[in-house]
1. Kindly evaluate GLY91 against the criterion of being touching a Pro at 6+ places or on another chain (Cβ under 9 Å), surrounded by 20 or more Cβ atoms within 10 Å (Cβ to Cβ) and closer than 23 Å to LEU206 by Cα.
2. What are the residues in segment 157-170 that are out of contact with any strand residue (DSSP E or B) (no Cβ under 8 Å at 6 or more places or on another chain) and open to solvent by 10 Å² or more (accessible area, probe 1.4 Å), if any?
3. Go through segment 157-185 and count every residue that is under 23 Å from LEU4 (Cα atoms) and out of contact with any Leu (no Cβ under 7 Å at 6 or more places or on another chain).
4. Just to be sure before I move on: is LEU237 closer than 28 Å to ALA145 by Cβ and crowded, with 21+ Cβ neighbours inside 10 Å in the structure I sent?
5. Would you check which residues across segment 134-151 are touching a residue at least 60 places away in the same chain (Cβ under 8 Å), within 22 Å of GLU246 (Cβ to Cβ) and open to solvent by 10 Å² or more (accessible area, probe 1.4 Å) and list them?
6. Does LEU207 count as outside any helix (DSSP H, G or I), of a type in the set (A, V, I, L, M, F, W, C), free of Cβ contacts under 8 Å to residues at least 24 places away in the same chain and over 30 Å from ASP303 (Cα atoms)?
7. Whether any residue in segment 73-96 is in contact (Cβ under 8 Å) with a residue 40 or more places away in the chain, closer than 21 Å to ALA199 by Cα and part of a loop (DSSP other than H, G, I, E, B) is what I want to check.
Amino acid sequence: MVKLSVIVPFYDVRPYAPDALRSLRANARPGYEFLLVDDCSTDGTAELLERAAEEIPGARLLRHEQNAGISAARNTGLSAARGEYVTFLDGDDWLAPGHYPELVSAIEELGCDFLRTDHVRATGTKRTVRRVPHGRRGVVLDPRAAILPTGRTTCVDYSYAWAGVYHRRLLEQGLLHFHPGLRTAEERPWIWRLHREAASFAVVGLLGVFYRRGVTSSLTQIGDARQLDFVRAFDLLVEETSRDPEAAALLPKAVRTYCAVIHHHLVNDRYDAAMARRVRTAGAAALRRLPAALVTEALDTMDAHRSVRLRRLRHRPSLAARPSPPAAGVAGRPPADATAAGPRTANAAEADR
């Protein structure tokens with residue numbers, strides 16, 4: 001019987017994949033499977049994975065014929081997973097030796113649907129501990145109770161899929177798959193769905209995942225159109241939350257987080273002028289789509305710097321409403337939605353504060 005399935009997407013991470021693969025070997029145990037998903041890499045990563053599938057106990061290689069993004073890669077792993085428990089790792093991160101046995105032991109002892117853990121952020125040689133924003137540790141809790149309060153950073157703002165482990169019943173209930181096509185922010189609607197619909201969870205202080213920052217191929221370091229998927233991700237989050245029986249209580253949190261993440265992208269200095277305009281246009285349209293009263297409430301509770309910038313953006317004339325230049329002869333059109341293929345996801349969790 002397979003006890004644990006570990007899903008690891010890889011896309012063009014040749015310099016970093018050896019660390020991830022060595023750490024998987026150090027965590028291999030009877031009953032563990034490592035699902036290595038090659039998302040059509042072109043830089044030599046695929047050859048590393050072929051060798052790893054032969055050398056690491058429990059490793060299986062799954063291939064995409066075309067690059068499809070991290071949501072699709074994780075979904076491919078989920079469809080192949082046979083374990084009683086499921087977890088994730090990104091192909092440019094790594095694990096402490098023996099982390100997975102401790103993780104499995106913790107969730108078995110607590111008997112909950114899913115478990116969330118702290119992690120270590122690795123930026124060059126610097127190491128920083130990042131903790132789940134929840135005070136109660138080692139006790140089984142109601143996931144819905146960890147969504148609020150609105151004005152504080154809570155468990156739904158700590159959306160890293162690899163910072164935890166999940167019982168198979170969540171997979172069978174349809175709660176673990178990611179929205180196809182999202183290239184960034186795919187964990188946002190995912191973690192909200194878990195906290196709205198799962199029955200139980202717990203937080204423990206394990207520090208076994210090392211999250212690598214500063215990777216040049218990561219979307220946290222790239223300022224192209226793939227970043228615009230955060231709009232689709234949060235539109236999905238708000239839409240799904242609006243159908244919840246407790247939508248009136250939960251939507252203010254969802255809207256405030258959306259506003260905070262829009263601001264995070266507005267001040268992203270990696271965007272060139274054209275991309276910055278696209279972000280402003282998409283952000284303005286999003287603010288106008290959201291319930292007006294909830295946006296006003298959110299902006300009233302933010303610091304002045306963010307509030308002023310977002311109020312200005314909210315009232316920014318849309319491109320469609322602007323007069324065309326005399327020589328153009330056609331009305332201006334907003335840019336097309338971007339769904340270009342991309343490497344690793346960006347996570348703007350720090351924007352929620």
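1. Considered against the rule, which asks whether it is touching a Pro at 6+ places or on another chain (Cβ under 9 Å), surrounded by 20 or more Cβ atoms within 10 Å (Cβ to Cβ) and closer than 23 Å to LEU206 by Cα, GLY91 comes out as yes.
2. ARG169
3. Total meeting the criteria: 12.
4. Yes.
5. Of everything in segment 134-151, those that are touching a residue at least 60 places away in the same chain (Cβ under 8 Å), within 22 Å of GLU246 (Cβ to Cβ) and open to solvent by 10 Å² or more (accessible area, probe 1.4 Å) turn out to be HIS134, ARG136, VAL140, LEU141, ARG144, LEU148, PRO149, THR150, GLY151.
6. Considered against the rule, which asks whether it is outside any helix (DSSP H, G or I), of a type in the set (A, V, I, L, M, F, W, C), free of Cβ contacts under 8 Å to residues at least 24 places away in the same chain and over 30 Å from ASP303 (Cα atoms), LEU207 comes out as no.
7. yes
For every residue, the table says whether it meets (1) among the hydroxyl-bearing types (Ser, Thr, Tyr); (2) out of contact with any helix residue (DSSP H, G or I) (no Cβ under 7 Å at 6 or more places or on another chain); (3) modelled with pLDDT under 95; (4) surrounded by fewer than 21 Cβ atoms within 10 Å (Cβ to Cβ).
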residue: ALA73; (1), (2), (3), (4): no, yes, no, no
residue: ARG82; (1), (2), (3), (4): no, yes, no, yes
residue: TYR100; (1), (2), (3), (4): yes, no, no, no
residue: LEU110; (1), (2), (3), (4): no, yes, no, yes
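The values are calculated or read from the model by the stated rules, or taken from the named source; none is laboratory data. Note that this is a predicted model, so its numbers are computed, not measured. Glycine also receives a Cβ, built like all others from the backbone with ideal geometry; neighbour counts cover every protein chain displayed. The accessibility values were calculated without ligands, DNA or RNA, using every heavy atom of the protein model including side chains. Shrake-Rupley method; radii C 1.70, N 1.55, O 1.52, S 1.80 Å.
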